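Working notes, structure below.
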Amino acid sequence: MTPFTGGFAPVTDETTAFDLEVTGRIPAELNGRYLRNGPNPLSLDDPTASHLFLGEGMVHGVRLRDGRAEWYRNRWVRSARVAERLGEPPRPGPLHKNWDFAANTHVIGLAGRTFATVEAGPLPYELDYELDTVGTCDFDGGLPGGFAAHTHLDPVSGELHALAYFFGWDHHQHIVIDPKGSVTRIRDIPIADAPMLHDFALTERYVVIYDLPVTFSQAHAEKGVPLPYAWNDAHGARIGLMSRQSGEVRWVEVDPCWVFHTLNAYDDGDEVVVDVVRYPKRFVDARLDLGGLPTLDRWTIDPAAGKVRQTRLDDRPQEFPRMDERRTGRPYRYGYTSAARDLHDVLYPADGELEDLPDQAFDNTLIKHDLARGTQEQRWFGRGAYVGEPAFVASGAAEDDGYVLVLVNNETRGAADLVILSAQDFTGEPVATVHLPARVPLGFHGSWIAD
Ligand SMILES: [Fe+2]
């Protein structure tokens, strides 16, 4: 059964709309685009509609300028297959291992360019300002293999870091791209069993690698399982601290678990603090689910002693952790996540059967974490709201002086709103709500890309 139902149901049209209706006042300092990527299969009859991670990427964008919401656009990423289905010529560009995929996981800005990204082998797709597909990109031949869905930008050096993996490799690949968009460093890190690696962390000293027991499964691949990665008890679990300077990796064992996402990480004296959304298990028997609910946890790693201390920051099920990216890799205080208890209950019911997702099934909340005080503020958007990933946009110097941008389904209108919250007035009235002309399905990650 397809997972693309309810909030995940794909849209069938590409929309362009200008001068969107706004409630409240869009801050005049927000000049740029809020973009968000997610899987949107061309047809529910397609094999790409069989797994949430495989649907063709569609990027939704809202352009804000001078206090106005200038446009909304949504565009499929034109892989050759998508272009063909839409009756268009293929876009030019290189491929890794001849693998062409309409990148569906994240969308980022780099060097004045826009990229839709995905992991596990394919190259990113470059988009133009108005979200039309330019083509695949290997950064002028700088990428030896694929790229990564998640990247981390060092706010001081301006370097973009990525960790690529591929089922045919005996290593992960660390990639550094400079602010001009040139690949400046490639390092291979030997890793056995071809594990999945969705995200990593960056500190001032280290690239933090999660080597966790979800690995490529040849048996599942031969059976035709759409995403042939599965929990593998034999693999073990460890965290690698790779020196950004020397490339030397120090491995430290942790309890088996699965991590999709990092909130942030930083060096604390000789120790390293890594905050993640952590699942007790995942991808059991090649399925996404059956692993238990995620919690926000902290690893405090003592590399000299080879020990990790694990503490719980919040035991509510939550995902999509984001923070003020001026603090990436540095000590920080605030984090933002979206909580979706009912979503998880519906997606991953106790009997393990993936069921239809009724619109009313969602109970979506954003959480602002104050990690210094150990407190949280919750903002509830109501049933049917399908709250997406919160993106923080800085305004003043203080860490939470800024805005939280999030796409929220407006059930009454049957369309999405881009809600702009004041991060310092997290539960108060939104600063502005931009009313989009179309639904935006639940998806993955996005970015505010200032002009
Ligand atoms: Fe992700």
| request: Kindly indicate whether Asp170 is over 18 Å from the mean Cα position of the chain (by Cα), surrounded by fewer than 21 Cβ atoms within 10 Å (Cβ to Cβ) and of a type in the set (D, E, K, R). | output: yes
| request: Enumerate the strands (runs of 3 or more DSSP E) found wholly within segment 139-204, keeping only those where 1 or more residues are within 16 Å of the ligand (Cβ to nearest atom), under 27 Å from Met323 (Cβ atoms) and in contact with a helix residue (DSSP H, G or I) (Cβ under 8 Å, 6 or more places away or on another chain). | output: 151-153
| message | Can you find a residue that is away from the ligand (no atom under 16 Å from the Cβ), at pLDDT below 95 and of a type outside the set (Lys, Arg) anywhere in segment 256-279? | response | no
| Residues of segment 396-412 satisfying the condition of being in contact with a Leu (Cβ under 9 Å, 6 or more places away or on another chain) and more than 19 Å from Asn37 (Cβ to Cβ) | Tyr403, Asn410
| said: Residues that are under 20 Å from the mean Cα position of the chain (by Cα), among the hydroxyl-bearing types (Ser, Thr, Tyr), in a strand (DSSP E or B) and within 16 Å of the ligand (Cβ to nearest atom): does segment 121-137 have at least one? | reply: no
| said: For segment 6-26, give me the residue count where each residue is assigned to a loop (DSSP other than H, G, I, E, B), at negative phi and open to solvent by 30 Å² or more (accessible area, probe 1.4 Å). | reply: 5
| query | Among the residues of segment 175-215, which ones are under 25 Å from Asp140 (Cα atoms), among the small types (Gly, Ala, Ser) and open to solvent by 20 Å² or more (accessible area, probe 1.4 Å)? | reply | Ser182
| said: Restricting to segment 96-120, name every residue that is over 15 Å from His152 (Cα atoms) and within 16 Å of the ligand (Cβ to nearest atom). | reply: Phe101, Ala103, Asn104, Ala120
| task | Find the strands (runs of 3 or more DSSP E) located wholly in segment 51-112 whose residues include 1 or more that are open to solvent by 30 Å² or more (accessible area, probe 1.4 Å) and more than 18 Å from Phe139 (Cα to Cα), and list them. | result | 57-65, 68-76
| remark: Cβ pairs under 6 Å, 6+ apart or interchain, first in segment 309-333 and small (Gly, Ala, Ser), second open to solvent by 80 Å² or more (accessible area, probe 1.4 Å) and modelled with pLDDT of 95 or more, ordered by first then second residue, are Gly329/Glu204
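The values are calculated or read from the model by the stated rules, or taken from the named source; none is laboratory data. What you see is a predicted model, and the numbers here were worked out from it, not measured in a lab. Cβ sites come from the backbone with ideal geometry, for glycine too, and all protein chains shown count toward neighbours. The area values use the complete protein model at the heavy-atom level, side chains included, leaving out ligands, DNA and RNA. Shrake-Rupley method; radii C 1.70, N 1.55, O 1.52, S 1.80 Å.
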